[in-house]
1. For segment 123-133, in order, what is each residue's ³J(HN,Hα) by Karplus, 6.51 cos²θ - 1.76 cosθ + 1.60 with θ = phi - 60°, in whole Hz (x at glycine and Pro)?
2. Could you check the simple spin-label distance between residue 242 and residue 15, using points 7 Å along Cα→Cβ, in nm with one decimal?
3. Once amide H atoms are placed 1.01 Å from N in the peptide plane, what residues at a sequence separation of 5 or more from residue 287, or on another chain, have their amide H within under 5 Å of its amide H?
4. Using DSSP, restrict attention to beta bridges with both residues in segment 4-95 and report what percent are antiparallel, rounded to the nearest 5.
5. Could you compute the FRET efficiency for residue 277 and residue 63, with r as their C-beta to C-beta distance and R0 at 30 Å, rounded to 0.05?
6. Run the paramagnetic zone check for residue 190: 7 angstrom along Cα to Cβ, then residues of segment 115-147 with backbone nitrogen under 15 Å.
7. Can you tell me which lysines have their Cα less than 28 Å from the Cα of residue 209? Leave out same-chain residues fewer than eight positions away.
8. Using the Kirkwood radius built from alpha carbon pairs, what does the Stokes-Einstein equation give as D for segment 5-75 at 20 °C and 1.002 mPa s, in µm² per second?
Amino acid sequence: MSAATLSRNGARVERQPLARYTTLGVGGPAEVWFVADHAQLAEAMETPYRILGGGSNLVIADEGVSERVIRLTGPLAERDLEPDPALSTSEEIVTGWVGGGVPLPGLVRTLQKLGLSNLEGTVGIPAQVGGAVWMNAGTRYGEMFDGLHAIEIVTPEGVRQVSPTDLNWGYRNSGIPRGHVVSRVRLKLRRSTPEAVLAKMDFADQARKGQPKMKTPGCAFKNPGGVSAGKLIDEAGLKGTRIGGAMIAPEHANFIVNLGGATATDVHGLLTVIRQRVGVPMELEYELWPEQP
Ligand code: FAD
Ligand code: EPU
């Protein structure tokens, strides 16, 4: 780890191991830029970069990555949930801006307490708002695009605001190109009651009971054609398969877990085994940094 320095516009910059920022607990070093405003973000994007959210969908190489890694902090990780009077009605509210760096689990809990509905289906997803929007993270009970009014996107060319209807979004896909940063969003929420939102949340939470509790980047593959990839991997007899410190979870076969000391190479090995043994083409849900051939 290196001593922190400040960029021209005041972003804190420090070389750090990325494992600490991922739910798998794997990943070598990179130059991390902690950006707190648009000027710092624009500066960080001047040379090749990657944007890191909650690190809950990433398998990062043990050698780390050569690009800058950007983390949204400060005001870009704050939330203004006040209803905008000009856009809110007795049934629906539109909030102020919610930073891309805001942790999704805390936001979902707060919305429940406020009796605001639309995002409770995303309960239990350990993402940041920006990463969850970029992926359109969700469950069978709801997804991020159920609760969006506007999205602010930053690219090296500048800042723009889009409406969800401007995007070609779908299952685990926002239609926002890779490398375009979701800096802030405004939420569109239905007025309900804390009890009603909690009841729906509990329902979605039940579906997680069978998921492993160990370090993991979530589901490895998207569900092909609506069929559970976990079920297909399970039927191929692969639960419990181990390479080094990584294992296909006995609880749910679409999760690879870190038993302690797993490396990215161990995880890549298991992904190859799965692809070879499951006879159906499956698209990877996680992202490998750097990308693998
Ligand atoms: P990261 O993992 O940090 O990054 C993933 C991708 O998003 C990268 O390309 C990154 O560059 C990009 N990104 C991150 N932040 C931004 C931003 N601000 N702007 C633009 N791009 C950005 N997913 C589901 O959909 N449903 C589930 O039920 C679910 N359950 C999970 C359970 C567990 C225990 C775990 C560990 C993961 C689970 N996931 C689930 C996977 C994961 O949480 C989602 O894919 C989530 O959207 C990743 O968001 P993140 O902020 O962690 O992004
Ligand atoms: N199943 C098996 N064996 C397994 C896993 C699942 O037989 O090893 C069976 C289950 O018994 C069930 C069916 O497959 O009958 C569906 O399983 P589950 O309810 O766990 O749903 P899933 O389709 O496997 C999806 C998402 C999860 C999300 C859950 C709950 C994908 C790739 N996965 O899993 O999202 O949490 O539904 O809504 O869409 C993620 O995306 O990272 C993720 C964890």
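A short reminder: the numbers here are calculations on the coordinates, not readings from a lab. Note that the structure is a prediction, hence the values are computed from the model and not measured. Glycine also receives a Cβ, built like all others from the backbone with ideal geometry; neighbour counts cover every protein chain displayed.
1. Residue by residue, segment 123-133 yields 4, x, 8, x, 9, 9, 4, x, x, 5, 5 Hz.
2. That separation, rounded to one decimal, is 3.5 nm.
3. Correct list: 58, 59.
4. 55
5. With R0 = 30 Å, the Cβ-Cβ based efficiency is 0.60.
6. 115-122, 141-147
7. 113, 200, 222, 231, 239
8. Rounded to a whole number, D works out at 177 µm²/s.
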